[in-house]
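Have a look at the structure below, then the notes.
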Amino acid sequence: MSGGTALLARAIFDGDRLVPDSALLIEEGRVRAIVPVSEIPCDAERMDTQAALLCPGFVDWQVNGGGGVLFNETPTREGIRAIAAAHARFGTTTLLPTVITDAPEVSAAAAQAVAEAIADGDPAVVGVHFEGPHISLEKCGVHDRGFIRPLTREDHDRLARADLGTVVATVAPENASLEDIRTLSRAGVHVSLGHSNADFATANAAFRAGAQSVTHLFNAMSGLHHRDPGLAGAALSSAHVYCGLIPDGHHVHPAMLDLALRAAGHRRITLVTDAMSSVGHADDRFELNGRTVVRENGRLTIADGTLAGSDLDMMSGVRIMADACGAPFHDVLRMASRCPAQMLGLHDRGHLRPGARADILALDAERTLISVWIAGDRQER
């Protein structure tokens with residue numbers, strides 16, 4: 001073994017295990033190996049990262065915006081580029097641009113923009129998340145009620161486009177039938193249940209039909225009750241269902257973050273940001289479907305107080321989750337990298353084993369992000 005670059009740090013988390021006093025060998029944008037420092041090839045370029053820990057880049061499947069750009073308002077190739085650049089600064093190296101309930105032409109433009117980003121080889125973009133419009137009126141949250149509707153044949157065709165990479169569709173059984181869920185799942189679409197008042201039995205029927213996850217667990221869904229477990233209870237008690245969770249300190253109480261982790265574990269909890277345009281940007285106001293969203297103390301709301309996405313970046317979310325739950329830090333890192341990558345079927349992301357794309361984060365002893373590599377290229381921060 002020879003050549004490449006050897007990244008040195010006090011420890012390396014490869015997505016499954018913590019390896020101390022080793023070097024991460026990368027070459028041509030891929031991970032070659034993790035080796036003891038004494039076994040670094042003599043012709044490899046050594047780089048002391050000054051890091052306490054190297055870990056995989058974060059994978060976020062719910063990103064509405066960032067850097068002053070909201071995908072619904074700017075569903076373009078340029079919009080995606082700005083959003084991805086904003087989140088790369090906070091350790092997200094793979095993401096799904098997310099378009100929420102809107103007019104059909106906005107969803108169509110978002111799909112085309114993602115197709116162009118993938119065709120251009122955008123290193124961060126692997127697909128798209130359509131969060132609505134096939135959701136529940138009763139649990140619509142900040143989604144515009146005027147655009148909510150049942151799923152149609154045309155919607156099936158858009159969601160199953162072959163040029164969109166990994167597609168996540170958040171739907172509710174109220175507006176997407178079991179047959180809709182079966183058909184989408186068979187077409188390769190990852191169906192996630194969310195914005196739904198479905199009861200326990202209905203939710204479990206949807207999981208049996210092919211739904212594989214829930215969108216922002218606890219938020220905008222039928223909640224836990226000792227006589228009616230609801231969608232949240234169905235998700236937590238279903239051994240193969242992934243649970244997206246927003247760890248911003250506003251969407252979910254710390255005690256419920258801990259409860260979710262105890263119930264579902266770090267192999268089923270996937271941290272998401274649900275980030276809006278305010279992440280990585282100074283403006284405290286922006287527009288969503290003609291309504292003004294205001295940021296105050298890290299909380300985003302419209303005029304009536306309804307939460308409107310989050311002001312969360314993934315590195316902050318990891319720290320909040322670790323502090324709330326007292327879980328081993330590498331387990332929380334897994335929820336932001338390895339677990340979502342597995343959920344999305346991304347076999348070369350979320351880990352640092354041989355053959356993985358070299359998406360790497362360097363953290364200091366205070367769990368502060370100091371460097372980011374995407375496909376082996378160190379990013380400007």
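Please list, short to long, the whole-number percent of alpha-carbon pairs of the range 254-299 in consecutive 10 angstrom bins beginning at zero.
Spelled out bin by bin, the range 254-299 gives 21, 34, 24, 20 percent.
Give me a comma-separated list of calculated 3J(HN,Hα) values for the range 273-278, in order, Karplus coefficients 6.51, -1.76, 1.60 applied at θ = phi - 60°, integers in Hz, x for any Gly or Pro.
Working through the residues one at a time gives 8, 6, 5, 10, 5, 5 Hz.
For ARG367 and GLU154, what is the calculated FRET efficiency with R₀ set at 45 Å and r taken between the beta-carbons, to the nearest 0.05?
Details: r = 46 Å, r/R0 = 1.03.
Efficiency computed from Cβ-Cβ geometry: 0.45.
Using 0.36 nm per residue of separation minus the Cα-Cα distance, give me the extension gain between ALA85 and ARG227 in nm, one decimal.
Difference between extended and current length: 46.6 nm.
Can you tell me the Rg and the Dmax, both Å, for the Cα atoms in the chain?
Rg then Dmax for the chain, in Å: 20.1, 65.
Hand me the GluC sites (Glu not before Pro) from the range 1-89 located in a DSSP loop with no more than 14 other Cβ atoms within 10 Å, in residue order please.
Here the GluC sites (Glu not before Pro) that fit, given the DSSP loop and packing criteria, are GLU28.
Which of THR74, THR98, THR166 ends up with the largest GNM mean-square fluctuation for the chain, with Cα atoms connected below 10 Å?
Evaluated over the chain, the most mobile residue of the options is THR74.
Efficiency by 1/(1 + (r/R0)^6): what FRET value for GLN379 and ARG10, r their Cβ-Cβ distance, R0 = 22 Å, to the nearest 0.05? Walk me through the intermediate numbers first.
Details: r = 21 Å, r/R0 = 0.98.
Approximately 0.55, to the nearest 0.05.
Through the Karplus equation 6.51 cos²θ - 1.76 cosθ + 1.60, θ set to phi - 60°, convert the phi angles of the range 108-122 into ³J(HN,Hα) values in whole Hz; use x for Gly and Pro.
My calculation for the range 108-122 gives 5, 5, 4, 4, 5, 5, 5, 4, 5, 4, 5, 5, 7, x, 4 Hz in order.
Expected output is a single nm value to one decimal: the length gained when fully extending between ALA108 and MET47, i.e. 0.36 nm times separation in residues minus the C-alpha distance. What is it?
17.5 nm
Using Cα atoms only, what is the angle between the long axis of helix 200-209 and the major principal axis of the chain, expressed in degrees (0 to 90) to the nearest 10?
The two axes meet at around 60 degrees.
Cα axis of helix 77-88 to longest principal axis of the chain: angle in degrees, 0 to 90, nearest 10?
Between the helix axis and the principal axis of the chain, the angle is about 60 degrees.
Could you tell me how many degrees, from 0 to 90 and to the nearest 10, lie between the Cα long axis of helix 254-264 and the main elongation axis, the longest principal axis, of the Cα atoms of the chain?
80
Peptides 328-336, 178-186: what's the order by average Cβ count within 10 Å, highest mean first? Kindly include the intermediate steps, with their values, before the conclusion.
Details: 328-336: 22.9, 178-186: 17.8.
Ranked from most to least packed, the peptides come out as 328-336, 178-186.
Checking a compactness column here: for the range 83-133, what do you get for Rg(Cα) / (2.2 N^0.38 Å), N being the number of residues?
In units of the 2.2 N^0.38 Å rule of thumb, it is 1.16.
Values quoted throughout were computed directly from the atomic coordinates according to the rules given, and no laboratory measurement underlies them. Because the structure is a prediction, the values reported are computed rather than measured. Ideal geometry is used to build each Cβ from the backbone, glycine not excepted, and the neighbour counts take in all protein chains shown.
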